[in-house]
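The values are calculated or read from the model by the stated rules, or taken from the named source; none is laboratory data. A quick note: this is a predicted structure, and the numbers were derived from the prediction, not measured. Cβ: placed from backbone, ideal geometry, glycine included. Neighbour counts: every protein chain shown. All accessible areas refer to the heavy atoms of the entire protein, side chains included, with ligands and DNA or RNA removed. Shrake-Rupley method; radii C 1.70, N 1.55, O 1.52, S 1.80 Å.
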Amino acid sequence: MGFGFSKQHKHFLCLYVIDSLFFFSCLCVCVNECINANAKHCGECIQAGAKCGWCKDPNFLKQGETVSTHCDELQSLMKRGCTISMIENPRGEQVTLKNKKVTDRSKGPEKLKPEDITQIQPQKLSLTLRSGEPQSFKLTFKRAEDYPIDLYYLMDLSYSMKDDLENVKNLGTSLMLEMQKITSDFRIGFGSFVEKTVMPYISTTPAKLLNPCTGDQNCTSPFSYKNVLKLTSDGKKFNTLVGQQHISGNLDSPEGGFDAIMQVAVCGEQIGWRNVTRLLVFSTDAGFHFAGDGKLGGIVLPNDGKCHLENNVYTMSHYYDYPSIAHLVQKLSDNNIQTIFAVTEEFQPVYQELKNLIPKSAVGTLSANSSNVINLIIDAYNSLSSEVILENSKLPEGVTISYISHCKNGVVSEGENGRKCSNISIGDQVTFSISVTSKGCPKQGKPETIKIKPLGFTEEVEITLNFICDCECQKYSVKNSQDCHFGNGTNECGACRCNEGRVGKQCECSSNDVATEDMDRTCRKDNSTDICSNNGDCVCGTCECKKRDNPEERYSGQYCECDNFNCDRSGNKLCGGHGRCECKVCVCDPMWTGSACDCSLDNSTCMASNKQICNGRGICECGTCKCNDAKFQGPTCETCPTCPGVCAENKECVQCQVFGTGEKKDTCKRHCSYFKLIKVKDRDKLPQPHDSSYPVMHCKERDANDCWFYYTYAVNNNTEKEVHVVETLDCPPSPDIIPIVAGVVAGIVLIGLALLLIWKLLMIIHDRREFAKFEKEKMNAKWDTGENPIYKSAVTTVVNPKYEGK
C-alpha cells in the first residue's frame, strides 16, 4: 500500500491495493487544507494556505454548519453563494526599494571608487508574504571589470618554512606587477604566525623563549600571530618589512594557524580591509590545531571570535582555545574573505578536505620559487572569482527560500546547484530566480530582515519580510458585541469570536454547560436516540454537523439529517450532472426531470434532418429516440444499415481509411470520421447477421485496380456506426513476369534465327540458279575458228641453212 501527495494546496491521497489477480485499484480522496485547518477566525483561515478565503457574510452559514465553514477555497465559497466582494483573500506583494543597475564599464573607461561599483541588482526589497504563496524575484550578478583587490599574505614562520620565507621576501613588487594586469587598484599585506606560547606547543625555558632554534641558528622568539604589514599599495615596503622577518620555532608539528586566520578575519581595521575583493593567502608546510586542542595547554575557554590585537600582536592565545572550523567558516563568510591555502604537497589532501568545508576557498602547491607562488595566487584568484555562490542569512521560522540559476550558455540549475554559477569571466552577467515562501506566521508576526549575498563579495541584497497574519476585516471588529449573545464575544469578519469560557455560534453557552441532558434532548429528531442523526455534535443545544473528507460533501439541517451527496446518480454522476442534491433529493436544472435528473425535456436532440421527430419512425423519450421500425437505427431513426445503397455510400470512405486510395484519399480525415473502423484479417472474421444483436450489412466493392475488398456496416446498440473491414485486398493473380520476358526474348531470338536461315536459303537458291544459267549459256555458245587478220604470232622460227636433217 502506498501514499502520495501532490505539491498543490489541494492534495490527493491515493491508496494502491494489489489483488490476487495483480490488478491495481486506486482510491483518491481530496484533502482540503482550508477545511482541515478548522479555522475559528479569519486570521487562522488565511494562514492555512494560499487558496483559502474567509466569507465575511454574516448570513453565509446554513443551519447546522460550524463557524469554520466560513473558511474554504475560493471556488467553493462562491459556489455556496458567497459573493467575491464578501470574501477575505489578501495577497502578498513585493516592492523594490533600491534597484541600482549593475556597473557597465564598457560605456566609459573612467575609474570608479569601490563604493560606486555595483555587481548585484537589486539591492533592497520588501516582500509581503501570505502563507503558502511564494514571492519571487530575479537577482542579477555581473562580475565587474577592474574591481579592486586586497590580498593579505599570512605565513607560517616555524623553522621548516625557512626557505619559503626567502622566496616571499621579493614577492611584493613582482606580485604587484602581475596583479596590475587584473586590476589597477591592488593592495597587499603580510602577517605571520607560529604557535600558542604555552607548553606543550613551545618550550617555555628562558633560553628557548629567546631562541627556540637549536645549534647556532638565530631565530626570533615564538609568538602566536603578528600583523607585520597593514594592507598597502607599496610593494617595495612589503619587500622591506618581509625581509626583516626571522624564522621562529615550536615543538609539535601542527601549527596555530587557525588563531591567526581568526584575527585576520575579525580585525578589519588593523588589517586595513576595504569593501572590495578580499583574498587571504595562508602559507604553511604543516597541519593545524583546532577547537579542543587547547586543553593540552590547559586552555579551555572557547574562542570568542573577537579581535585581540595589541601593537599588531595577538595577545590572548594563552587564554582562548583554537577556533573550530565551523567558527572560522562563519567569520570568513561574514567578512567576505576568500581563502587560498598555499601548502606543501605532503599536506595537500588535508587542506583539500578543509577546502570542502570552507566555501570560496582554493588549494595550491607551495614550491621553492617565488614565480610559482605568484602563479599559484593568480590561478587561485581566477578560480575563485569565476564562480558565484549565493548564501542567505538565517531565515525566520516557517520561511523557506529556493534558487534557480540561469548561467552562461543557457545552463539552468535548481536545488543546491541553483545557488551557483561557474566559469564566469569578467563582464559576464548571470541571473538567479529566487522564491521566498512562508508557512504560517512567525510567533511575533513582526517584520524580519534577511540578506542574500554572493560568497566572497561585500555586496548584498537586503530583504524585509512582512507577514500577512490577519485579515483586513479584523480591523473593523466589534469587541463585546451585542450580536454575540449580549457581549460574550467579538463580532469579527461576519462571525462571533467567543470570549474565553464561551462557546456556540453566537457565544450563547458557557463551556461548562455544553454537555447536559436538556441540551442533548433538543438535538434529537423525533425523540430518537441519535444525537444530530449521528452526523454532528450537540453544542449548546444546537447541532453542529461533522465535516466530510471530501470538501464538496457536507451535512446540514437542524438535526444534520440532510446531506448533499446521497441523491440518485446517473452515469456515475450525482443527479446526472444536471442538478444539485439538497437533503438527499435531486433538484433538477431547467429542462431536466427524473429522480436522478437524467431525463431531458429537450426534443431538439430527437430532430431528424427532415425536421421530423425521430424521422417519423419513433418517439422521443428523455431526449432519445426509440425507433418503431427495427430496420431503422441511430439517434434520430435515420440510419438503415440493411437498406440498399449503404455499401456504395460508404465505399469511398472505407477505401481511403483502410487502403489510402479512392477519390476521398486527400480529404479522408475531414469527410470520413463518422464511423468506428475495425480491421479483421480475413472474411471469416467479419460479424455475421445471426451472431449480432443488431442488423449487419455485408458489402463487396471493387477498386480502380480491379481488386475486391469486403466489409460490413452496422449501427450497434450504442447508436455507433461500426465498419468491419478485411485488411487485405482480394486481387486477381498477376502474371509471372520472368517467363513472359524470357519467352519474348527467346521468341525474338528464334524469329531472328529463322529470318537469317530463310535469307541464307534464298541466297543459296539464287546462287544456284545463276550458276545453272551460266552453265547453260556456256554450252549453247558457238565459237568462231577463223584467225584474226591482224594477229601476229609471237613465235619466230629460224632454219639453219646448214642443217641437213641429219
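Going residue by residue through region 713-723, is there one that turns out to be open to solvent by less than 90 Å² (accessible area, probe 1.4 Å) and farther than 17 Å from Thr639 by Cβ? Scanning region 713-723 turns up no residue that is open to solvent by less than 90 Å² (accessible area, probe 1.4 Å) and farther than 17 Å from Thr639 by Cβ. Only one of the numbered conditions (1) open to solvent by 50 Å² or more (accessible area, probe 1.4 Å); (2) closer than 18 Å to Leu61 by Cα is violated by Thr593, and that is (2).
Please work out if Cys30 is part of a strand (DSSP E or B), open to solvent by less than 70 Å² (accessible area, probe 1.4 Å) and either more than 24 Å from Cys498 (Cα to Cα) or modelled with pLDDT under 90 (or both). Break it down into steps so the answer makes sense when it comes.
Details: part of a strand (DSSP E or B): yes; open to solvent by less than 70 Å² (accessible area, probe 1.4 Å): yes; either more than 24 Å from Cys498 (Cα to Cα) or modelled with pLDDT under 90 (or both): yes.
Spelling it out, Cys30 is indeed part of a strand (DSSP E or B), open to solvent by less than 70 Å² (accessible area, probe 1.4 Å) and either more than 24 Å from Cys498 (Cα to Cα) or modelled with pLDDT under 90 (or both).
Looking across region 335-347, just one residue is surrounded by fewer than 14 Cβ atoms within 10 Å (Cβ to Cβ) and touching a residue at least 24 places away in the same chain (Cβ under 8 Å), and that is Glu346. Taking each residue of region 276-301 that is closer than 30 Å to Phe457 by Cα and in a loop (DSSP other than H, G, I, E, B) and looking for partners that are at pLDDT 90 or above and among the hydroxyl-bearing types (Ser, Thr, Tyr) with beta-carbon atoms closer than 8 Å, six or more apart or interchain, yields His289/Tyr322; Phe290/Tyr322; Phe290/Ser324; Ala291/Tyr322; Ala291/Ser324. I'd like to check something: does region 669-680 contain any residue that is surrounded by 13 or more Cβ atoms within 10 Å (Cβ to Cβ), in contact with a Leu (Cβ under 7 Å, 6 or more places away or on another chain) and assigned to a strand (DSSP E or B)? Yes, because at least one residue in region 669-680 is surrounded by 13 or more Cβ atoms within 10 Å (Cβ to Cβ), in contact with a Leu (Cβ under 7 Å, 6 or more places away or on another chain) and assigned to a strand (DSSP E or B).
Quick one: is Asn423 open to solvent by 30 Å² or more (accessible area, probe 1.4 Å), within 28 Å of Glu345 (Cα to Cα) and in a loop (DSSP other than H, G, I, E, B)? Taking the combined requirement at face value, the residue satisfies it. Counting the residues of region 567-597 that are touching a helix residue (DSSP H, G or I) at 6+ places or on another chain (Cβ under 6 Å) and assigned to a loop (DSSP other than H, G, I, E, B) gives 3. Within region 631-662, being at pLDDT below 75 and open to solvent by 70 Å² or more (accessible area, probe 1.4 Å) holds for Lys631, Pro644. Out of region 319-339, which residues are part of a strand (DSSP E or B) and either farther than 27 Å from Leu384 by Cβ or of a type outside the set (S, T, N, Q) (or both)? Listed by number, the residues that qualify are Tyr320, Ile337. Restricting attention to region 710-720, does a residue exist that is assigned to a helix (DSSP H, G or I), among the aromatic types (Phe, Trp, Tyr) and free of Cβ contacts under 8 Å to residues at least 40 places away in the same chain? Taking every residue of region 710-720 in turn, none turns out to be assigned to a helix (DSSP H, G or I), among the aromatic types (Phe, Trp, Tyr) and free of Cβ contacts under 8 Å to residues at least 40 places away in the same chain.
Of the residues Tyr147, Tyr153, only one is open to solvent by less than 10 Å² (accessible area, probe 1.4 Å) and closer than 23 Å to Phe282 by Cβ; which?
Details: Tyr147 fails: open to solvent by less than 10 Å² (accessible area, probe 1.4 Å).
Selected residue: Tyr153, the only one of Tyr147, Tyr153 that is open to solvent by less than 10 Å² (accessible area, probe 1.4 Å) and closer than 23 Å to Phe282 by Cβ.
Looking only at residues of region 681-701 that are of a type outside the set (D, E, K, R) and in a helix (DSSP H, G or I), we find that the one that is nearest to the chain's Cα centre (by Cα) is Pro689. Within region 522-553, the set of residues being open to solvent by 70 Å² or more (accessible area, probe 1.4 Å), in contact (Cβ under 8 Å) with a residue 12 or more places away in the chain and not polar (S, T, N, Q) comprises Lys525, Lys546, Lys547, Arg548, Asp549, Glu552.
Identify, from the list Glu701, Glu720, the residue that is modelled with pLDDT of 85 or more and under 27 Å from Lys631 (Cα atoms). Show your work before the answer.
Numbers: Glu720 fails: modelled with pLDDT of 85 or more.
Criteria check complete, one pass: Glu701.
Met316 meets all of the listed conditions (1) assigned to a helix (DSSP H, G or I); (2) without any contact (Cβ under 8 Å) to a residue 40 or more places away in the chain but one, namely (1). Would you check if there is a residue in region 436-457 being in a strand (DSSP E or B), polar (S, T, N, Q) and surrounded by fewer than 18 Cβ atoms within 10 Å (Cβ to Cβ)? Yes: one or more hits. Has region 318-332 got at least one residue that is touching a Pro at 6+ places or on another chain (Cβ under 6 Å) and crowded, with 21+ Cβ neighbours inside 10 Å? Checking region 318-332: at least one residue is touching a Pro at 6+ places or on another chain (Cβ under 6 Å) and crowded, with 21+ Cβ neighbours inside 10 Å.
On inspection, Asn512 fails the criterion of being open to solvent by 20 Å² or more (accessible area, probe 1.4 Å), over 18 Å from Thr542 (Cβ atoms) and either at pLDDT 80 or above or part of a helix (DSSP H, G or I) (or both). The requirement of being closer than 20 Å to Gly132 by Cβ, touching an Asp or Glu at 6+ places or on another chain (Cβ under 8 Å), surrounded by fewer than 19 Cβ atoms within 10 Å (Cβ to Cβ) and at pLDDT 95 or above is fulfilled somewhere in region 403-410, by at least one residue. Taking every residue in region 691-706 that is under 25 Å from Leu729 (Cβ atoms) and pairing it with any residue that is β-branched (Val, Ile, Thr) and open to solvent by 40 Å² or more (accessible area, probe 1.4 Å), at least 6 positions away or on another chain, the pairs with Cβ-Cβ distances below 8 Å are Val696/Thr642; Met697/Thr642; Asp703/Thr661; Ala704/Thr661. Total residues in region 348-376 satisfying the condition of being modelled with pLDDT of 90 or more, open to solvent by less than 60 Å² (accessible area, probe 1.4 Å) and either in a strand (DSSP E or B) or among the hydrophobic types (A, V, I, L, M, F, W, C) (or both): the figure is 5.
Candidates are the residues of region 168-178 that are touching a strand residue (DSSP E or B) at 6+ places or on another chain (Cβ under 8 Å) and either at pLDDT below 85 or surrounded by 22 or more Cβ atoms within 10 Å (Cβ to Cβ) (or both); the one that is nearest to Leu229 (Cα to Cα) is Gly172. Could you please find all residues in region 57-75 being in a loop (DSSP other than H, G, I, E, B) and under 16 Å from Gly43 (Cα atoms)? Within region 57-75, Asp57 is the sole residue that qualifies.
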